[in-house]
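The values are calculated or read from the model by the stated rules, or taken from the named source; none is laboratory data. Predicted model only: the values in this text are computed from it and were never measured. Please note: Cβ atoms are built from the backbone with ideal geometry, for glycine as well, and neighbour counts cover all protein chains shown. When the accessible area is computed, the model is the full protein with side chains, heavy atoms only, and any ligands, DNA or RNA have been set aside. Shrake-Rupley method; radii C 1.70, N 1.55, O 1.52, S 1.80 Å.
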Amino acid sequence: MAVAVLFDLDGTLIDSEPIWGAANAALVRSRRREVTDELLRSLSGLDATLAMHRIHRHFGWTGHDVAADVASVQRRVRRAYARGVHWLPGARELLAEVRAAGLRTALVTSTYRELVGYVLAEAGPGAFDAVICGDDGHRPKPHPAPYSAAVAALRLRPADCVAVEDSALGVASAHAAGCAVLNVAPIVRSDLAHRWAPSLAVVGVGEIRRALGARNGGRARLDVVDAQHATEVVHLV
């Protein structure tokens, strides 16, 4: 049974949501408006252009250029990434474990390739066998195109792949592409996922393989739980 792990980036491997939130908030404040937490949460999983369109619609902006605003936000994010990328707990350890187990890997992100370069530089050579970015020309998440592109790049079948995602949009994209999905989210989880974990700190290769088994065998989806918990919560697929 071939196994490849397809990792989302923002909110899954790196703690970048606050950086994007601050960059978008700075743009909004420059026009004497205030951004809400609810609006920022609604941008999770969107590529930069779709997120900016949503911001423009929210504030009713008609006289501002979306592409120019995207570039402005990206410049702020770039400056933050240049100071260092903040990996989420367990992310680098899981990447190392996956590679040591001989599993293929791909990065499947809505972030544009220039910014992804900062993460790849810190991850080191060979961390990912394929890298799919938000400006590669395919339709964005939740469309299955990003994950389908990753599967094709690895020359595998969707049934051989496990996607690791934090956002509902990302889970929907991977699910639609036919991949098994491990949803990593502290509180809110997607019913489309085959397994769930509150953090990558409690995920290992065993959970990756069990997610694939749940996808391909149609068994009950078991939640990964912290070792402090005594039982697992079982959901029917």
- Dividing the helical contributions, -39500 (n - 2.57) per DSSP H run of n ≥ 4, by the residues of the chain yields a 222 nm value, nearest 500 deg cm²/dmol, of -13000 deg cm²/dmol
- Rounded to 5, percent antiparallel among DSSP beta bridges of the chain: 15 percent
- Compute the length gained on full extension between R78 and I187: take 0.36 nm times their separation in residues and subtract their Cα-Cα distance, giving the result in nm to one decimal. 36.3 nm
- Once you charge only the Cβ atoms, +1 for Lys and Arg and -1 for Asp and Glu, what is the size of the charge dipole of the chain about its Cα centre, to the nearest 20 debye? 380 debye
- Task: Provide the per residue accessible area, probe 1.4 Å, for the stretch 33-104, rounded to a whole number of square angstrom.
- Result: 56 Å²
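Which percent of the accessible heavy-atom area of the chain goes to carbon and sulfur, probe 1.4 angstrom? Spell out each step's value before the answer.
On the way: 5840 of 11020 Å².
Carbon and sulfur: 53 percent of the exposed surface of the chain.
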- Message: If you scale each eigenvalue of the Cα gyration tensor by 5 and take the root, what three semi-axes come out for the stretch 61-208, rounded to whole angstrom and sorted largest first?
- Response: 25, 19, 16
- Contact order normalised by residue count of the stretch 71-225, Cα under 8 Å, 6+ apart, percent: 19 percent
- Based on the Cβ-Cβ distance from N216 to E17, what FRET efficiency comes out when R0 is 22 Å, to the nearest 0.05? 0.10
- Message: Quick check: pseudo-label points 7 Å beyond the Cα along Cα→Cβ at A201 and A71, how many nm apart are they?
- Response: 4.1 nm
- For the stretch 1-71, what size does the Cα cloud have along each of its three principal axes, sorted from largest down, in whole Å? 54, 19, 19
- Treat every Asp and Glu Cβ in the stretch 36-170 as -1 and every Lys and Arg Cβ as +1, leave all other atoms uncharged, and give the resulting dipole magnitude about the Cα centre to the nearest 20 debye. 160 debye
